[in-house]
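The values are calculated or read from the model by the stated rules, or taken from the named source; none is laboratory data. The model shown is predicted, which means the values in this text are computed figures rather than measured ones. So basically every Cβ, Gly included, is an ideal-geometry build from the backbone, and we count neighbours across all protein chains shown. Heads up: the accessible areas ignore ligands, DNA and RNA and are worked out on the full protein's heavy atoms, side chains in. Shrake-Rupley method; radii C 1.70, N 1.55, O 1.52, S 1.80 Å.
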Amino acid sequence: MNDRAPDGFVPINTSAAHPARVYNAWLGGKDNYPADQEAAELAAAANPEIIPAVRANRAFLGRAVRELAGTAGVRQFLDIGTGIPAADNTHEVAQRVDPGARVVYVDNDPIVLAHARALLVSAPDGATDYLEADLRDVDQILTAAQDTLDLSQPVGLMLVAILQYVPNAEDPYALTRRLLDALAPGSFLVLSHPASDIGADEVAESMRVYNERAAEHAAATPRSHSDVERFFAGTELLDPGVVQLPDWRPAPDDVRPAQALPMWCGVGRKP
């Protein structure tokens with residue numbers, strides 16, 4: 001079935017699962033379709049830690065943005081793979097610290113961008129912009145981002161749960177490096193990624209059933225701790241390094257899950 005998204009976007013295929021809408025289903029959102037719900041349910045049945053992991057991933061994003069906007073003084077963010085808006089989006093967290101913070105969101109799902117234009121409203125002193133583009137469209141992203149961001153000043157580059165959709169054959173490390181190379185010294189890379197070495201059998205099975213239903217859009221590839229560390233080559237990793245989601249600078253009252261969550265995360269500073 002093809003539907004037309006609001007605001008005159010081109011038709012989109014809702015008969016195949018899409019990563020942003022599957023993620024929305026895992027978060028308990030309503031902005032998804034039966035194909036997304038089926039993929040979400042089957043993947044979660046194969047690996048029950050997916051749902052707590054995506055929620056912990058959202059919490060990691062919030063902690064990382066607060067750290068950069070607060071302690072590091074970053075006032076602009078490039079968030080690629082935005083996903084359908086949920087609580088505590090990047091600009092909301094950053095603009096609580098500084099209402100003048102500026103954010104550019106990027107996603108390749110027209111439904112995401114329709115929701116973004118409606119819901120991701122900046123504080124009056126700051127700015128948000130939205131770009132429909134794929135992570136691989138590096139030149140397009142960087143050119144359009146400069147309408148809102150000053151790339152001669154530090155930027156928080158958010159690649160949160162997105163690089164698994166770039167297979168090794170397309171060199172996700174080179175894509176990440178091209179993005180970082182265009183940013184000023186003092187910029188940061190905020191990254192999270194599904195793990196292949198935590199609950200490996202369950203992760204492999206959940207990825208298999210997901211990929212069967214979403215390969216038209218983007219098959220997913222989990223990666224090991226050492227693979228994820230490679231994304232931070234050339235940056236200075238902030239303590240505590242590349243760790244499981246709940247272990248990246250938790251708040252004193254955060255409760256660590258009893259089970260290991262199958263995702264790695266970290267934040268690195270470009271010197």
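Residues whose amide H falls under 5 Å from that of GLY156, counting only those 5 or more places apart or on a different chain, are GLN76, PHE77, LEU78, PHE188, with hydrogens built in the peptide plane. Only helical runs count toward this figure. For the chain, summing -39,500 (n - 2.57) over DSSP H runs of n ≥ 4 and dividing by all residues gives -11000 deg cm²/dmol at 222 nm.
Taking all protein chains together and a 1.4 Å probe, the residues ARG223, ARG230, ARG256 rank ARG230, ARG256, ARG223 from largest to smallest accessible area.
Its residue count N fixes a reference of 2.2 N^0.38 Å for segment 175-271, and the Cα radius of gyration divided by that reference is 1.21. Of ALA20, ALA44, ALA174, the residue with the greatest mean-square motion in the GNM of the chain, using alpha carbon springs below 10 Å, is ALA174.
Find out how many positive minus negative residues lie around LEU27, taking Lys and Arg as positive, Asp and Glu as negative, among other residues whose Cβ is under 11 Å from that of LEU27.
Cβ neighbours under 11 Å give a net charge of +3.
Under 1.5 on a/c is rounded, so check that first for segment 228-271, then, if it is not, pick prolate when a/b is larger than b/c and oblate when it is not; a ≥ b ≥ c are the square roots of the alpha carbon gyration tensor eigenvalues. Oblate, since a/c reaches 1.5 and b/c is not below a/b. Comparing ALA260, ALA145, ALA133 in a Gaussian network model of the chain, where Cα atoms under 10 Å apart are tied by springs, the biggest mean-square fluctuation is seen for ALA260. Of the listed residues SER192, SER122, the order by accessible area with a 1.4 Å probe, largest first, is SER122, SER192.
Annotation: GLU205 carries an accessible surface of approximately 70 Å², with a 1.4 Å probe and no ligand, DNA or RNA atoms counted. Dipole orientation for the chain: of the candidates VAL54, SER15, GLY241, GLY241 has the Cα lying most toward the positive pole (charges on Cβ; Lys, Arg +1; Asp, Glu -1). When the chain is treated as a Gaussian network with alpha carbon springs shorter than 10 Å, the biggest mean-square fluctuation among PRO154, PRO34, PRO252 belongs to PRO252.
Mind putting a number on the dipole of segment 160-271 about its Cα centre? Charges go on the C-beta only, +1 for Lys and Arg and -1 for Asp and Glu, and I need it in Debye to the nearest 20.
Working: 10 positive and 16 negative charges, 74 e Å.
In total the dipole reaches around 360 debye.
Amide H contacts of GLY81 (H built 1.01 Å from N, in plane; Pro and chain starts excluded): VAL106, ASP107 sit under 5 Å, all sequence-distant by 5 or more or on other chains.
Rounding to the nearest 20 debye, state how big the charge dipole of the chain is about its Cα centre with +1 on each Lys and Arg Cβ and -1 on each Asp and Glu Cβ. All intermediate terms of the calculation are to be shown ahead of the outcome.
Numbers: 22 positive and 38 negative charges, 94 e Å.
Dipole of the chain, to the nearest 20 debye: 460 debye.
If you look at the Cα atoms of segment 132-234, you get an Rg and a Dmax of 15.0, 45 Å. Can you tell me what percent of all Cα-Cα pairs in the chain are more than 23 Å apart? Result for the distance tail: 49 percent.
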